[in-house]
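Following: one structure in structure tokens, then a few remarks.
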Amino acid sequence: MDNTLSPGLYIVATPIGNLGDITLRSVETLRMVSAVACEDTRVTGKLLHHLGIKQRLIRYDDHAGEGDRERLLALMMDEPVALVSDAGTPLISDPGYRLVRTARERGIAVTSLPGPNAAVVGMTLSGLPNDRFLFAGFLPNKAKAREDTLTALGQVPATLVFYETAPRLDAALAAIEAVLPGREVAVARELTKKFEECRTGTPGALAAHYAAHPPKGEIVLLIAPPGEEAAPSDFDVDALLRAALADAKPSQAAAAVAKATGLDRKTLYARAMELK
């Protein structure tokens, strides 16, 4: 790599968990730019300290205004400036769209360095069809809007990929069960970290599991295309009951699994007693 960079904007992907995932090209670029625009200077500062890089940091997040953007654009007319997010590839459900668009309109060179992306990692882990997929960001917060989004996208012939947070996972799975019942779903979380997990099943089965084992961390939520419904098996039911029994009495476990799957509560209670 040259030891100088031309003026312009350099979009640099950063690790989503494992710091070893940053590319050599990204490290060299972060060393050579004149400044790094980032969401949170504390987060990016820790990464740069780990890499042994001292760099000028400029905050550029969702609250950045036109004046902030203009100052960055003016800087990158004469000097190389990097744009990073807190984790992963910038602009993917992160700030930066207007900055990149305006830079291109003004003839400022824009270079994007490929690297970590949670949506793609989740897609590759899930085992769901990957010849065609649609990334749709975060599901809406409000229940009606969430269900409307799933209804609108539910017949797209592709695996649907969303970002989600642990506190909202239960509501998201409930909405999928209501709008797209029986559709196979994958929950990928803690990606590239020590406790990485990718669990698949019906929305109800996954809801029951995470009711008994509350998740932590950022989540990639994936929904199989139409025609990829996954029917619960006896093994699925036993696994759900065992998970629920870890923290609940048989009657409570049966009630939780019945609510999540729609199966008969008495039958589930009898099976829970056998498993207990």
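Just so you know, all these numbers are worked out from the coordinates, no wet-lab data involved. Computed from a predicted model, the values in this text were never measured in an experiment. For neighbour counting, all protein chains shown are included, and Cβ atoms are generated from backbone atoms with ideal geometry for every residue, glycine included.
Projecting the Cα positions of Asn130, Met77, Cys38 onto the charge dipole of the chain (unit charges on Cβ atoms of Lys, Arg, Asp and Glu, taken about the Cα centre) puts Cys38 furthest along the positive direction. Answer rounded, prolate or oblate for the chain, using the Cα gyration tensor with square roots of eigenvalues a ≥ b ≥ c: rounded when a/c is under 1.5, else prolate when a/b is larger than b/c, else oblate. Prolate, since a/c reaches 1.5 and a/b exceeds b/c.
Note on Arg265 and Ala246: their simple-model spin labels are 2.4 nm apart, each label 7 Å out from Cα toward Cβ. A crude spin-label estimate for the pair Ala143 and Val43, with each label 7 Å from Cα along the Cβ direction, gives 3.1 nm.
Close amide H contacts of Leu83 (hydrogens built in the peptide plane, cut-off under 5 Å, sequence separation of 5 or more or a different chain): Tyr10, Ile11, Val12, Ala37. Phi-derived couplings, Karplus 6.51 cos²θ - 1.76 cosθ + 1.60 at θ = phi - 60°, listed residue by residue for the stretch 97-110: 4, 5, 5, 5, 4, 5, 4, 5, 4, 8, x, 7, 5, 10 Hz, with x used for Gly and Pro. Summarising the amide proton neighbourhood of Leu134: residues at separation of 5 or more, or on other chains, whose placed amide H is nearer than 5 Å comprise Thr159, Leu160, Val161. Each DSSP beta bridge with both residues in the chain is either parallel or antiparallel, and the antiparallel ones are about 50%. Exposure proxy for Phe138, Phe162, Phe195: other Cβ atoms within 10 Å of each Cβ, ordered fewest to most, give Phe195, Phe138, Phe162. Listed values for the stretch 144-159 are Karplus-derived 3J(HN,Hα) couplings in whole Hz (6.51 cos²θ - 1.76 cosθ + 1.60, θ = phi - 60°), namely 5, 5, 4, 5, 5, 5, 5, 5, 5, 9, x, 9, 5, x, 7, 5, and x replaces Gly and Pro. Lys-Lys pairs in the chain that are eight or more residues apart or on separate chains and whose Cα atoms lie under 23 Å of each other come to 15.
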